[in-house]
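The values are calculated or read from the model by the stated rules, or taken from the named source; none is laboratory data. None of the values given here were measured: they were computed from a predicted structure. Every residue, glycine among them, receives a Cβ derived from its backbone with ideal geometry; neighbour counts consider all protein chains shown.
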Protein chains: 4
Amino acid sequence: MTAHDVANPVKLTAVAAPDQPEVTPALEELYRGFERELLVPLWTEIGDLMPSSPRSRAVPHLWRWRNLIELAARAGDLVAVGRGGERRAIALANPSLGGRPFATPTLWAAIQYLMPGEDAPEHRHTQHAFRFIVEGSGVWTVVGGDPVPMNRGDFLPQAGWNWHAHHNATEQPMAWIDGLDIPFQYANEAQFFEFGRDEISDAERITPEYSRSERLWGRPGLRPVSATGASAGSPLLAYKWVHTDAALDDQLALEREGYGGTVEPGHAAVRYTNPATGGDVLPTIRTEFHRVARGVETAPVRETGSSVYQVFDGSGTVTVGETSWTVARGDLFVVPSWQPFSARSEAGQSDSDSGALDLFRFCDAPIFEALHLDRSERTT
Amino acid sequence: MTAHDVANPVKLTAVAAPDQPEVTPALEELYRGFERELLVPLWTEIGDLMPSSPRSRAVPHLWRWRNLIELAARAGDLVAVGRGGERRAIALANPSLGGRPFATPTLWAAIQYLMPGEDAPEHRHTQHAFRFIVEGSGVWTVVGGDPVPMNRGDFLPQAGWNWHAHHNATEQPMAWIDGLDIPFQYANEAQFFEFGRDEISDAERITPEYSRSERLWGRPGLRPVSATGASAGSPLLAYKWVHTDAALDDQLALEREGYGGTVEPGHAAVRYTNPATGGDVLPTIRTEFHRVARGVETAPVRETGSSVYQVFDGSGTVTVGETSWTVARGDLFVVPSWQPFSARSEAGQSDSDSGALDLFRFCDAPIFEALHLDRSERTT
Amino acid sequence: MTAHDVANPVKLTAVAAPDQPEVTPALEELYRGFERELLVPLWTEIGDLMPSSPRSRAVPHLWRWRNLIELAARAGDLVAVGRGGERRAIALANPSLGGRPFATPTLWAAIQYLMPGEDAPEHRHTQHAFRFIVEGSGVWTVVGGDPVPMNRGDFLPQAGWNWHAHHNATEQPMAWIDGLDIPFQYANEAQFFEFGRDEISDAERITPEYSRSERLWGRPGLRPVSATGASAGSPLLAYKWVHTDAALDDQLALEREGYGGTVEPGHAAVRYTNPATGGDVLPTIRTEFHRVARGVETAPVRETGSSVYQVFDGSGTVTVGETSWTVARGDLFVVPSWQPFSARSEAGQSDSDSGALDLFRFCDAPIFEALHLDRSERTT
Amino acid sequence: MTAHDVANPVKLTAVAAPDQPEVTPALEELYRGFERELLVPLWTEIGDLMPSSPRSRAVPHLWRWRNLIELAARAGDLVAVGRGGERRAIALANPSLGGRPFATPTLWAAIQYLMPGEDAPEHRHTQHAFRFIVEGSGVWTVVGGDPVPMNRGDFLPQAGWNWHAHHNATEQPMAWIDGLDIPFQYANEAQFFEFGRDEISDAERITPEYSRSERLWGRPGLRPVSATGASAGSPLLAYKWVHTDAALDDQLALEREGYGGTVEPGHAAVRYTNPATGGDVLPTIRTEFHRVARGVETAPVRETGSSVYQVFDGSGTVTVGETSWTVARGDLFVVPSWQPFSARSEAGQSDSDSGALDLFRFCDAPIFEALHLDRSERTT
């Protein structure tokens, strides 16, 4: 029947209706007909396909940074980075997504590791990507020939179809996290990929303090008049920690002075945005930084769509659905669709000066908003 | 390690790099560590996840209308329609999507069947839907209390979260196709669903020639001043065949008169649009009607994203990738992402007056366009 | 001082402040300095420039159609139409706008008149324009080579920079009204103008029942797939009366049946929209048709921005600010910014079957909305 | 005839057509009829109203800062600032706009002056406004209770309908320029105005280094998550000189390093934007800062719409249409619609370190772009 050599995978159990499971020979024959013709009735599937609210196939899960970094370091010793494999990146595999390297149904999160002097070769792809650096420094990403340094707390968005490579200019290895929309583009089959040059040029191996993108786009509210139009991804290739940290501090300070600005009492948050549009830095991925002041617990909120968080600093307890973990620097965890999330900063355990719990977050909200599928609610 | 009782599904085969499959005990130990920690390296997966161009998991496939309608009629005899099962809808299952009722990775296509006098109960859901009628008449859909008649050639969009029910007011059974974004919302976990009233009222059982939506929104270029703002889905609930047919005829007539308007010589096409925005009728689904004049073959085109076509009239040959079928009224087929598609009208076999091949199409292009993932090209 | 030979026009009367009119020699000297340097203080002007709410320089005014048509006919006898003068158009001059041909500060309204067999030569300009026909038929406008017939009740938008000419194909003279944004573009100095061909071709002198634009764009909710993108002005060049009339009738019928759709009880209204965007047909001009049912009086509403109305059918009383007029077919009147407007249909005097008062309206609301300057309120 | 006591201002000279000035008694009678009925023919006006390209009523003109500041200082001695007069602001009156305080047909530009310890009382208005500071410091503007300090080079946008007042906290007088869209809103009659509190509170009299708006919105690419939606005007109330200066320096440095970023060789420029949208800071006014490197002459460019420039630093020659001036710090000049503008930095005369000519510019481009009336071209 089919033009391709695909074994017919349709296997059905006959039921007359959800509440009428009586099965006659005629009904059995009908279901065999469905199978032959590659058909599946709605009435046996509706509970799974059309639930009253999102029931995620993903589960909440936590990955400990100390384990990730240890395995990544061993991979640094044992596995070469080069053309073909492209990156020494090791991805989080949500335990209920069939062993695929998918943190959530839409998001990819990986630790990437580069040895001293190593290059990760140049390529480009339609998948949107970013880097976030929880510790270390010395690697830079060359984007379209523009070397962008990477240091603790920095955020580097990388919109699809830009050429990019990495280089470790130091004598220490360095790790960071990569976030991409690989699972989303895989599910929807939108991917293109191209190899670039095998070697980046010496001119690109300089290590400037500021990338050219920052020199053109990195001043608040100022855009180059020469830049006409707006691209789908941010032209600003680095969001340095000094600004993020100061913005969060100021929100909490304004709250103490009696003014608005925080999301809720003791909970400061900034969103990384494309300065050419004010919108998200990437078409499919939203990125934010949250600071939960010492002793504060955020209100549980659930949203359509999924998130990945990384603990940047401090310590505390995070709760996803019915699961809670005590977390520390570098730990990563996922929040599946429509599962309530809250975080509590635990002062006593904190190793940061302020006692605040600092969380980097990325999520797929731009997809849901663009398609009018976004919903959210506080659950208390 | 995980908070949920999920068996660890990560199973890996150790390789040092794509071109370095030499496996040492230390490397084996590293991969066992990856498995324990629910990690998967990119370098073993990149070929599958990041192909040079979209490689669809779906395959081209054709479902014959005569088989569908026969099975649907038998289901009419054997399977009750009512609360719980909700609809007597039987979905196309792409043979390479694991037996799931998914025509493509994003789209659901089903034949729905209603016996004389039957009601399909009221409900609403976030999934966006439409009906298209290839034959028959007499059923209407009640949308938010507005009865919308359904006749051959009519197209009825049904944006998410609108209450709706169906009623067969005649003494014949009737079939039509439903298109929805069920697979997309399933994959992304955005679904909400609510039951409505078990019975629709007598006042809703009248059978008007025009729905109220058409009386308010069905004149070209005119909108009610009382309607402020624009909803995500079209406020026009029926696009009657008379208009679609005339629009296609006029494009071909204009071409004969020496003017533009067709997509290419002999190939007329209209898109169903939301009159409040000029954009697609549904946030996630594009719907079009194509008319290929007698003896014409369309240029092969491939696009990111997938389509489902139904033959409305005429006959001819359609080619998807490397597969060709001779098609007739009612037949349904899928075009996976980035597979070239072309259609040829075959005059000799046609049972229509004009000899044209009339194709109804729906696809997921609005998702790709909203997220800047759309690409297309002619392949000749 | 100035590089141009312009007499210094600044003439000031010295005041120290609005409530301190004591004038010393030093103060006089200061004001003479202002004059010399071409300066004007805010404190003497603020009451005029920054009123607490808009105080229009225009006044409400009514022009009787019988007088307009009589003068236009006489101009038909005495004044040639041709290159240079371009159009036999005679514009309404608001009595408080200095004798300029400006109906309001932003809008131009004129009666245009064409004798049997006459042509008005082809040209194009950035000013946005439309035609509305209150009586007669037989003239058509050729837009970019597409002849568009004009009949009673038809509305023809004409976005800026389209080539256009008029031709009277009959043996009777014909009149209609032209609406443009001439005063707005004059004030803001955005105008370009070009002469076209002196003669339109024979091929353009055919008189089709439907323009090509209607054949491509004139079906509800359907757009040609070949049309990519959206232009600033509507691609649909004629909105025929049959649709407008039916849409208004249906709104009133739906109201009688117990449903929404009218603006307020007994007051139906449609807006002419660009089918490619759902927005206004012209970037600077909104056009609407209002039907006030027999015996109904609309609620007084005031808005920022100005309107021109033409009575299409029926009769009644209209009130603008503190002025009321009894109006009949063809009469034109203006509603200045922020002046309340209401209309009452007077059954006894009506010459239409329905007794309704039918009003065509155009206004500058798109300018105000685009710049976030729109406000409106009911005044009772 | 009219309901208002307005003398009929229509006065016409009879012509049969532009090229047929023969005047018969019948023609004279026709024109008297036009006058009586408040009508004006197009054919006598078309040359003025619909020119082949914009012919501005405004003329290029230059105001010398030394004269402005001297008159403003004298007004400081002689004219009180307070409720009613509201501001000690003295506006530029373009010599060909009838003595009205309009720099161009759409833009208001004034020098404002505040004596030591003085307050300018709180009010709000729909007119969009900004302040730019060419010299001095010590005044701050309180916007919605948020004190915003003002120093040389700072730019403070002030979107319509925000409460605001000024206070001079020092022992020196201070001057700055105000830019508003007063002429535009006056012509279009969109204005609302309200008085605020007569006294600002002590809590508002503190003088912070950074306004609260800067603490929330003043980091590059970061927005508070608590801020939902986007307002028509920028939420960032101050654009400090340090950022503007560095952005311009970096553009010129990047050019020297071989990269893009400048508008043309030696000509750096930034646009002040709303960080919530990436668009202009005000709905009707665009603001930019241009730096012309030592010895460079910019290419002449003309645009629809008008501009006002203030020289911030350096010296040189500016050319507007056929007029050229040698300019120095603080001088203000206007560029009418469609008049070519170019600037040349004259190193020898410069009093700045770099020898660059620094120009602050504001213009009405957002109006033209929103209405699709923008055009521009290089004239060499």
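At-a-glance table
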item: Those residues of segment D:25-52 which are more than 24 Å from residue C:66 (Cα to Cα) and more than 7 Å from chain C (Cβ to nearest Cβ), in sequence order; result: D:47, D:48
item: Residue ranges of strands (runs of 3 or more DSSP E) in segment B:7-117 with at least 2 members in contact with a Leu (Cβ under 8 Å, 6 or more places away or on another chain) and over 15 Å from residue A:75 (Cα atoms); result: B:61-63, B:89-92, B:108-114
item: Test: residue in segment A:79-90 that is within 30 Å of residue A:338 (Cβ to Cβ), buried (at least 24 other Cβ atoms within 10 Å of the Cβ) and either charged (D, E, K, R) or not assigned by TED's automatic domain parsing to the domain that holds residue A:307 (or both); result: yes
item: All positions within segment D:32-69 that are of a type in the set (Ser, Thr, Tyr) and under 30 Å from the mean Cα position of the chain (by Cα); result: D:52, D:53, D:56
item: Checklist (1) in the same structural domain as residue B:87 (by TED's automatic domain parsing); (2) modelled with pLDDT of 95 or more; (3) surrounded by fewer than 24 Cβ atoms within 10 Å (Cβ to Cβ) applied to residue B:169, failing item; result: (2)
item: Residue D:244 vs. criteria touching a residue at least 40 places away in the same chain (Cβ under 8 Å), farther than 30 Å from residue A:248 by Cβ and surrounded by 22 or more Cβ atoms within 10 Å (Cβ to Cβ); result: no
item: Every residue from segment C:219-247 that is within 23 Å of the chain's Cα centre (by Cα) and over 28 Å from residue D:52 (Cα atoms); result: C:239, C:240, C:241, C:242, C:243, C:244, C:245, C:247
item: Residue check, residue B:277 within 9 Å of another protein chain (Cβ to nearest Cβ), of a type in the set (S, T, N, Q) and assigned to a loop (DSSP other than H, G, I, E, B); result: yes
item: Output for segment B:210-251, where each listed residue is closer than 20 Å to residue B:152 by Cα and of a type in the set (A, V, I, L, M, F, W, C); result: B:236, B:237, B:238, B:241, B:242, B:246, B:247, B:248
item: Residue list for segment B:120-156, filter: within 14 Å of chain A (Cβ to nearest Cβ), out of contact with any Asp or Glu (no Cβ under 7 Å at 6 or more places or on another chain) and closer than 21 Å to residue B:331 by Cα; result: none
item: Residue match in segment B:318-328 (condition: under 22 Å from residue B:266 (Cα atoms), buried (at least 19 other Cβ atoms within 10 Å of the Cβ) and in contact with an Asp or Glu (Cβ under 6 Å, 6 or more places away or on another chain)); result: no
item: Matching entry among A:51, A:95 (being under 23 Å from residue A:310 (Cβ atoms) and of a type outside the set (Phe, Trp, Tyr)); result: A:95
item: Test result for residue A:225, touching a strand residue (DSSP E or B) at 6+ places or on another chain (Cβ under 9 Å) and either in contact (Cβ under 8 Å) with a residue 40 or more places away in the chain or more than 30 Å from residue D:362 (Cα to Cα) (or both); result: no
item: Unique residue being in the same structural domain as residue B:103 (by TED's automatic domain parsing) and either modelled with pLDDT of 95 or more or assigned to a strand (DSSP E or B) (or both) when the list is B:258, B:179; result: B:179
item: Within segment A:294-373, strands (runs of 3 or more DSSP E) holding 3 or more residues that are closer than 21 Å to residue A:241 by Cα; result: A:307-313, A:357-363
item: Only one of C:246, C:238, C:269, C:232 that is of a type in the set (A, V, I, L, M, F, W, C), at the interface with chain B (Cβ under 7 Å from one of its Cβ atoms) and within 29 Å of residue C:167 (Cα to Cα); result: C:246
item: Residue ID - modelled with the lowest pLDDT, chosen from residues in segment B:134-166 that are assigned to a loop (DSSP other than H, G, I, E, B) and touching a helix residue (DSSP H, G or I) at 6+ places or on another chain (Cβ under 8 Å); result: B:145
item: Per-region count, segment D:98-119, residues surrounded by fewer than 22 Cβ atoms within 10 Å (Cβ to Cβ) and of a type in the set (A, V, I, L, M); result: 1
item: Restricting segment D:1-24 to residues that are more than 7 Å from chain C (Cβ to nearest Cβ) and in contact with a Lys or Arg (Cβ under 9 Å, 6 or more places away or on another chain), the residue that is modelled with the lowest pLDDT; result: D:1
item: First in segment D:207-222 and more than 7 Å from chain A (Cβ to nearest Cβ), second anywhere and of a type in the set (Gly, Ala, Ser), Cβ under 6 Å, 6 or more apart; result: D:207/D:169; D:211/D:238; D:214/D:238
